[in-house]
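Let me begin by presenting the structure, written as structure tokens, before commenting on it.
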Amino acid sequence: NAGVTQTPKFRVLKTGQSMTLLCAQDMNHEYMYWYRQDPGMGLRLIHYSVGEGTTAKGEVPDGYNVSRLKKQNFLLGLESAAPSQTSVYFCASSQHSGQVRGYTFGSGTRLTVV
Amino acid sequence: AQTVTQSQPEMSVQEAETVTLSCTYDTSESDYYLFWYKQPPSRQMILVIRQEAYKQQNATENRFSVNFQKAAKSFSLKISDSQLGDAAMYFCAYRSDNQGGKLIFGQGTELSVKP
């Protein structure tokens, strides 16, 4: 089925460990985003990309890095995980701004840092 | 920078009744889009309804409608004939064309539906 696929769905990390979250979309969307969701704070933008090879910082980028080497993939990296990064992470994609029909979201990754 | 505020952390409605969720936003832009998303316990983000700022007519989708007040920067969601399946977290979101199309979300409103 077409859509956005996030892997993994769950992960427990120890403080200081690193990991990469993968987001893949098969809709040929130009724009891709990484959000984190915390109780009472809604979804906050971490990083985003407006095309292959481009990335930009969002509202809460510290402690994260991203890469978009291929149009269909958007990777989110945590170099040295901290308990404050315990959250649910969502990837989303959308068409070019001239064709706004909404966003397609992945099913989320629940990350716990102990 | 744009902000979105949902001032109702929790709301409750009786089945078959009508409920309105509030959302206000702050922006200096004239062209933008507004959305309401539903997030059930499955965590999936589901688009409920969207509104283009240049359209004066309020958007409707079956039992869901919005009251878009551009001058007041208000965008409320009305759910008519509430059903048990409407119970979820609801997020209001703003999108500008000028910033990579990113969505800015409100804090969310948890809606419960009583049978």
Could you check the spin-label model distance between B:Ala16 and A:Arg44? Points 7 Å from the Cα along Cα→Cβ, value in nm.
4.4 nm
Result: in the protein assembly as shown the number of Lys pairs with C-alpha under 19 Å apart, spaced 8 or more or on different chains, is 13
Convex hull over the alpha-carbon atoms of chain A: what's its volume per residue in Å³?
97 Å³
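Roughly speaking, to the nearest percent, how much of the stretch B:12-115's 1.4 Å accessible area is carbon and sulfur?
Details: 2110 of 4790 Å².
Ligands and nucleic acids excluded, carbon and sulfur reach 44 percent.
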In a Gaussian network model of chain B with springs linking alpha carbons closer than 10 Å, the residue among B:Ser12, B:Ser65, B:Ser96 that fluctuates most is B:Ser12
For chain B, what is the relative contact order in percent, using Cα pairs closer than 8 Å and at least 6 residues apart in sequence?
37 percent
Mind giving me the FRET efficiency for A:Glu59 and B:Ala71? R0 is 30 Å, r the Cβ-Cβ distance, nearest 0.05 is fine.
0.65
Hey, can you grab everything whose amide H is under 5 Å from the amide H of B:Ala59? Only 5+ residues off in sequence or another chain; H modelled, so Pro and N-termini drop out.
B:Val66
Averaging 1/r across every pair of distinct alpha carbons in the stretch B:26-89 and inverting yields a Kirkwood hydrodynamic radius, in angstrom, of 12.8 Å
Using Stokes-Einstein with the Kirkwood hydrodynamic radius over Cα pairs, what translational diffusion coefficient do you get for the protein assembly as shown at 10 °C and a viscosity of 1.306 mPa s, in µm²/s rounded to a whole number?
88 µm²/s
Note the per residue figure in Å³ for the convex hull of the C-alpha positions in the stretch B:3-115.
93 Å³
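The values are calculated or read from the model by the stated rules, or taken from the named source; none is laboratory data. Predicted model only: the values in this text are computed from it and were never measured. All Cβ positions, even for glycine, are placed from backbone atoms using ideal geometry, and neighbour counts span all protein chains on display. The area values use the complete protein model at the heavy-atom level, side chains included, leaving out ligands, DNA and RNA. Shrake-Rupley method; radii C 1.70, N 1.55, O 1.52, S 1.80 Å.
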